[in-house]
There are 2 protein chains.
Amino acid sequence: MPDLPTPSLVIDAAVVRRNLRRAADYAAAHGIAIRPHTKTHKSVKLARMQIDAGARGLTVAKVGEALAMSAASDDILIAYPTVDALRAAEAAKLAKTKTIRVAIDSQLAADSLSAAAKSAGATVGVLVDIDVGPHRTGVQTPAAALALAQYVTRQPGLRLDGILFYPGHIWKPVTEQAEALAAVEAILAETISLWRKAGLEAKIVSGGSTPTLFQSHLVPSGTEVRPGTYIFNDMNCVRGGFSTLEDCAARIVSTVVSTAVPGQVVLDAGTKTLTSDRNALFPDSGHGLIVEFPEAKIAKLSEEHAQVDIAACPAAPKLGQTVTIIPNHICPCVNLQDRVWWCEPGAEPQPLTVDARGKVF
Amino acid sequence: MPDLPTPSLVIDAAVVRRNLRRAADYAAAHGIAIRPHTKTHKSVKLARMQIDAGARGLTVAKVGEALAMSAASDDILIAYPTVDALRAAEAAKLAKTKTIRVAIDSQLAADSLSAAAKSAGATVGVLVDIDVGPHRTGVQTPAAALALAQYVTRQPGLRLDGILFYPGHIWKPVTEQAEALAAVEAILAETISLWRKAGLEAKIVSGGSTPTLFQSHLVPSGTEVRPGTYIFNDMNCVRGGFSTLEDCAARIVSTVVSTAVPGQVVLDAGTKTLTSDRNALFPDSGHGLIVEFPEAKIAKLSEEHAQVDIAACPAAPKLGQTVTIIPNHICPCVNLQDRVWWCEPGAEPQPLTVDARGKVF
């Protein structure tokens, strides 16, 4: 792609379609719904492609993203607690015309959302967030999940819809995930059982991640999965064994802008393009893979420079040459761009707006 | 600031003015010009404040930033090599109406810029980038700097204006920088002497960084300095001893959104707000400082969550409470925002557009 400015983020449309199809086929075969997390692409066009591929609805991290994504779906899960009044108010306003659900782990979030729902004259669906291992958010026990669920049923404007979990602690190779996923399933089964005994139904049990996507059937209590990265994949997926290089749909085209320092070339992709995210499993593997020079190591980033160690390269990248980088973590890279380039086979790259980036909350 | 959405980046106008004044006073006392690097704020309003405080011109990393910043100054240095034709063409176009200089370290960059200048009918100033220690870009010896300078003088459309250096390898406490800066001065003095013997003048010798800003007089060959971060400061500056906490003008206001996991609170500021940049000198010190809870450690970030270890806190932040974070590295944090909040003493915060963010090249 010699005519694109660099650094540019390019997306291979054919690989995106293949990634969406593979996930849809798996989900259909196992009777699991997909509710993709749009944080990865933040694009209405790609969200519509996910819906067209059979997704039940969409997931977002921010209320502002929900507003943007409501152009693609009427059914949106905000997988983030609305503790503060501003978040809750915007979520409730959106719930007047869309099916909006929010995942919460506190009575305060329920109070805040209930007050906003009453004020807006809307009903907001609630999923109770339970911690199945990552220890980030989520109530800590099935009993606590029941207590919060019961609390939610008593708040006007709220509708208890089920349970949310995030197996974000599971980064093992796919063939070694069974034990960890069985532990997740045990927590969910106990929670659902407690709820049933109390007369509460978890209609939705929403979980999933990209690393565990194709093992989701090992959590039979789950009704839907929320993978995000699967649409593009990245070096976290490749080095984790969750995808191949060929499955990586989004890449950075970058130019060699300096070769002045011996043993090194400098690319025009720094932390304002690749982010400082290290590889999740191999933090010392460098800041992404240069596809044309796999022996090179992106050793050091500053804001607009990547210093690439070429000591192990049989042939060095040349000054002025463009190369292609697969980042460690694609989601925050997309978030740095106002627009990316959509590449259909045999066609000129087309600009694609990152609609839902830059939202505050 | 209870009514701002969170996470928001707020800027204390009074602290900005004090930071600009301190640098201007220092520079005036030592007869050094300031050409601030606008990568830190990317705001035309703040660039104008820097010009009003006496800055000679502005520095940018991207040609797109130069275009945006040309609203604030007619004299812009692009501290980035224009090796590729697109960058060179845009720089040359801008040089038709503005004083544009570009720092280069290769004949290819000179060729590219010369071709673009000829095509645009413009003259572009060139600074020869010499490596004084960081080993990122820059020709490697004074002799190489002379050779490139002589090459530049032979290319139509280019005007040799001087030398660029970046002492980015110097992160020592201010009181321990003398030896390293003397080594920088030695390289520059040798280069300037070689140029003089060859009949070439280095009218501009542009250097500087925020860590070395107030020691710039120890590099007497320098004519101007290009600090960026000094306008805001951050935890890199504080932990490096280059500023105090009170000098940190830009902070993230964030809400505690979960306290479900014992020993931890979760803030709504993840890598899409704070970036993954670790502290330069104390990489294990966490992802910034929570001003109200200095004993807390921002231990782990995901895209929209900060997991804060509160084990050492005498009193824990409460669910729903807002706190204030000083990030490790403020420049890429500003770059994540479409707008930030400008806070004059006693006035309501006003939105401030980050004009030059999102530029490709």
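Summing both sides, how much accessible area is buried between B and A? Use a 1.4 Å probe and give Å² to the nearest 100. Counting both chains, the buried surface is close to 4700 Å².
Based on Cα contacts under 8 Å between residues 6+ apart, region A:205-350 shows a relative contact order of 23 percent. Taking the centroid of alpha carbons for each part, region B:180-256 and region A:274-337 are 28 Å apart. When trypsin sites (Lys or Arg not before Pro) are flagged only if DSSP places them in a loop and at most 13 other Cβ atoms lie within 10 Å, the longest unflagged stretch of chain A comes out as A:204-317. Springs join every pair of Cα atoms under 10 Å in this Gaussian network model of chain B, and among B:Val83, B:Val128, B:Val60 the largest mean-square fluctuation is at B:Val83.
Each Lys or Arg adds one and each Asp or Glu subtracts one; over the other residues with Cβ under 13 Å from the Cβ of A:Leu218, this totals -2.
For A:Ala347, the label point sits 7 Å beyond Cα toward Cβ; its separations from the matching points on the remaining copies run 4.8 nm, from shortest to longest.
List the relative contact order of chain B as a percent without decimals, with contacts defined as Cα pairs under 8 Å and 6+ residues apart.
Values: 811 pairs, mean separation 70.1, N = 361.
The value is 19 percent.
Taking the DSSP bridge list for chain A and keeping only pairs wholly inside it, about 45 percent are antiparallel. The rotation axis taking chain B to chain A passes closest to the C-beta of one chain B residue; that residue and the distance in whole Å read B:Ser276, 2. Placing +1 on the Cβ of every Lys and Arg and -1 on the Cβ of every Asp and Glu, with no other charges, gives the protein assembly as shown a dipole of roughly 1120 debye about its Cα centre.
Could you grab the relative contact order for region B:39-96? Cα pairs under 8 Å, six or more apart, rounded to a whole percent.
After rounding, I find 31 percent.
Which pairs break 26 Å Cα to Cα here: B:Lys98/B:Lys203; A:Lys359/B:Lys96; A:Lys359/B:Lys98; A:Lys93/A:Lys197; A:Lys39/A:Lys98? Among B:Lys98/B:Lys203; A:Lys359/B:Lys96; A:Lys359/B:Lys98; A:Lys93/A:Lys197; A:Lys39/A:Lys98, the Cα-Cα distance tops 26 Å for A:Lys359/B:Lys96; A:Lys359/B:Lys98; A:Lys93/A:Lys197. Across B:His37, B:His287, B:His135, mean-square fluctuation computed from a Gaussian network of chain B (C-alpha pairs under 10 Å connected) peaks at B:His135. Does anyone have the angle between helix B:13-30 and the longest principal axis of chain B? Alpha-carbon axes, 0 to 90°, nearest 10? Between helix and principal axis, roughly 30 degrees. For chain A, the longest principal axis of the C-alpha atoms and the axis of helix A:85-94 are separated by about 80°.
Only lysines eight or more places from B:Lys318 in sequence, or on another chain, were considered; those with a Cα closer than 18 Å are B:Lys297.
Note on chain A: with a GNM built from Cα contacts shorter than 10 Å, the maximum mean-square fluctuation among A:Ala28, A:Ala250, A:Ala296 falls on A:Ala28.
Distance between the C-alpha centres of region A:88-133 and region A:1-50: 28 Å, rounded to the whole angstrom.
What's the magnitude of the charge dipole for chain B around its Cα centre, counting Lys and Arg as +1 and Asp and Glu as -1 at the beta-carbon? Answer in Debye, nearest 20.
940 debye
In the protein assembly as shown, what percentage of the DSSP-assigned beta bridges are antiparallel, given to the nearest 5? Here the share of antiparallel DSSP bridges comes out near 45 percent.
The values are calculated or read from the model by the stated rules, or taken from the named source; none is laboratory data. Keep in mind that what you see is a predicted model, and the values were worked out from it rather than measured. Every residue, glycine as well, gets a Cβ built from its backbone with ideal geometry; the counts of neighbours run over all protein chains shown. SASA here: full protein model, heavy atoms, side chains in, ligands and nucleic acids out. Shrake-Rupley method; radii C 1.70, N 1.55, O 1.52, S 1.80 Å.
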